[in-house]
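Bear in mind that the values in this text are calculations on the coordinates, not laboratory data. Nothing here was measured: the structure is a model prediction, and the numbers come from that model. When we count neighbours, we look across all protein chains shown, and the Cβ atoms used for this are built from the backbone with ideal geometry, even at glycine.
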Amino acid sequence: MTTDGQKASYVIDHLIEALAGDPSSSLRRALILNDIDEHPATMQAEIMERLQLHKSSLNREIDWLFNYGCIMRQDGKDDARTKTLQICGYSKKALDAALDYFEGKHEKLKGFVNLFTRILKQEKPTLRDAKIIATLYEKKEADKQDVLDHLVNSAPSTDNRAFNRLIETGLIEEKDG
Amino acid sequence: MGKSFYLSSVSHNALERGLSSVFDSGASAEHTIYHQAAANTNSPPFNLAARGSVDTNITFAPHAAL
């Protein structure tokens, strides 16, 4: 039987895969990708309104998603100056795999990402941070390397810094003795 | 054996409640199988052009369509 902790870990892995295999991707970026998939041919202004994001930060994320082949842009039907956005390619496949854990419901995946955002309490929490706490949740207790070994496509020094930051913020505690 | 770490009880409880709320049905074995296969892939497949017809109005990032 797959535990909730294992499922959380798998979902995070699929989200990393959907975002060009980059664990430094923010949870916000994952939310944006999920929103674009939920609303095919959506426009940037609509995403901004739905997710309550600032234009400048959304612009950066949309550019990143486009540059890494996660989304495509298409001229609007009524106005060629407006672009509609659509998830595509490997991102679509990986996001669908993540959605399988939520019966295909985008709202639940959004709830999952927001849950980690609330718990992490950082300015810009990443999928790496989420993976670390999901792994530790599943293991209950582990040494640092054992947790970091679960991160893929990731620089050890960056993983180490992320783990230490989670200790500093009190999310992770060291066992006495 | 290095030092042992664990999630703070507040974080652990919040995660426990939240996860049981979002995962209200069991994952099938296929999930695990797909996950393992995905984990063996080192880089994302930048093969969008090979995935079917491409609408001429659609713009891809230059390197993404290679």
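Other residues with beta-carbon under 13 Å from the beta-carbon of B:Ser21 carry, at +1 per Lys or Arg and -1 per Asp or Glu, a net charge of +2. Among the trypsin sites (Lys or Arg not before Pro) found in the stretch A:92-160, those both in a DSSP coil and sparsely packed, with 16 or fewer other Cβ atoms within 10 Å of their Cβ, are A:Lys105, A:Lys121, A:Lys140. For the stretch A:106-151, the tally of Lys pairs with Cα-Cα distances below 19 Å comes to 8, considering only residues 8 or more apart or on different chains. Other protein chain C-beta atoms within 10 Å of residue C-beta, averaged over A:85-92: 4. Computed from Cα positions, the angle between helix A:156-168 and the longest principal axis of chain A comes to roughly 70 degrees. Neighbouring Cβ atoms from other chains, within 10 Å of the Cβ of residues in A:128-136, number 2 on average. Angle of helix A:89-99 to the longest C-alpha principal axis of chain A, folded into 0 to 90 degrees and rounded to 10: 60°.
A protection proxy built from the mean count of other Cβ atoms within 10 Å ranks the segments A:44-53, A:74-83, most packed first, as A:44-53, A:74-83. Counting only lysines at least 8 places from A:Lys105 when in the same chain, those with an alpha carbon closer than 16 Å to its own are A:Lys7, A:Lys92, A:Lys93. Peptide packing for A:27-35, A:12-20, A:96-104 was compared via the average number of neighbouring C-beta atoms within 10 Å per residue; ordered from the highest value, the list is A:12-20, A:27-35, A:96-104.
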